Amino acid sequence: MSEVAEPHSLMKAKAGAQTSAYVLHHYDWSESSLILDLFTRERGRIAVAAKGAKKPHSQWRSLLLPFHPLRVTFPASAKAENPEVQTLRSAEWVGGSAWLHGAALFSGYYLNELLMKLLARQDPHPQLFDAYDQALPHLASSDEGAVQAALRAFEINLLRHTGVLPELHRQTQTQQPLEPAARYTLHGEAGLRAAQADEGGLSGAQWLALQAALESGMAQPLHAACAQARQPLRGVLRELLHYHLGTRTLRSRQALADVQRLLDHP
């Protein structure tokens, strides 16, 4: 059988490396095939060729979509292939996908864009993969507070696992402990420091709660800590992300803003 005709059953039939994965983005490769940018648990962000995925009768057409939790197989070793782009051998939906639509869809694409821009290829971050997997269902919530808390929790996890989030229980440059009632903000170069009069920031107590939640290694405490500080945290994390991204413009945010303008002024 061809690779295209049996994507749901090849997991046990073909030897190769298996991993949990999500599709972040896809590119046209030929009239019938795609290049996929995958976020995988064991291998990090990788590029794979999905041969025949664009053919009208390919089962992959409805499978290789963003936000679908997958189990994929590709060659166990990249030595025999292009190390930059490997051939997708099989893909299997494992269930439990988040149904994202409307604003939630843009939030999901926002997470994908952050991963595309901040993660190097072939750099595994299994805990960040788990954080992404846990964030997606929250994006579909009708509770806007829960959605915003999930976004902030993922941003913090992303900054932490890419090594650019300083410790949140003390000032970065002076190493002085935080005063619970004082206000502090994050700066791209200076790290966590005392907020100026014209800066918002978070209270020391809120930063300490975030640090404790990160140290717990559990999703729920971090989600709760982000919910308690979601309004000021949004601006602080956005500035830090802009600094490390090197740009203030993200396609997902711009697309959402364009849609909102069209709805407001049809």
### Query
HN-Hα J couplings of the stretch 174-191 from phi, Karplus 6.51/-1.76/1.60, θ = phi - 60°, integer Hz, Gly and Pro as x?
8, 6, 6, x, 7, 8, x, 8, 7, 10, 9, 9, 9, 10, x, 9, 8, x
### Message
Heavy atoms only, 1.4 Å probe, whole protein assembly: order Arg251, Arg183 by accessible area, highest first.
### Response
Arg251, Arg183
### Task
Give, in nm to one decimal, the length gained when the segment between Leu118 and Tyr27 is fully stretched (0.36 nm per residue of separation minus the Cα-Cα distance).
30.9 nm
### Query
So for Val94, Val48, what's the accessible-area order with a 1.4 Å probe, most first?
Val94, Val48
### Query
At a Förster distance of 51 Å, what's the computed FRET efficiency of Ser62 paired with Gln175, Cβ-Cβ distance as r, to 0.05?
0.45
### Query
Residue separation times 0.36 nm, minus the C-alpha to C-alpha distance between Lys55 and Ala103: what's the value?
14.3 nm
### Query
Can you tell me the accessible area per residue over the stretch 145-194, all protein chains present, probe 1.4 angstrom, in square angstrom?
43
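The values are calculated or read from the model by the stated rules, or taken from the named source; none is laboratory data. Since we're looking at a predicted model, the values are computed, not measured. Cβ coordinates were reconstructed from backbone atoms using ideal geometry, including for glycine residues, and neighbour counts include every protein chain displayed. Accessible surface is based on the protein model in full, side chains and every heavy atom, while ligands, DNA and RNA are left aside. Shrake-Rupley method; radii C 1.70, N 1.55, O 1.52, S 1.80 Å.
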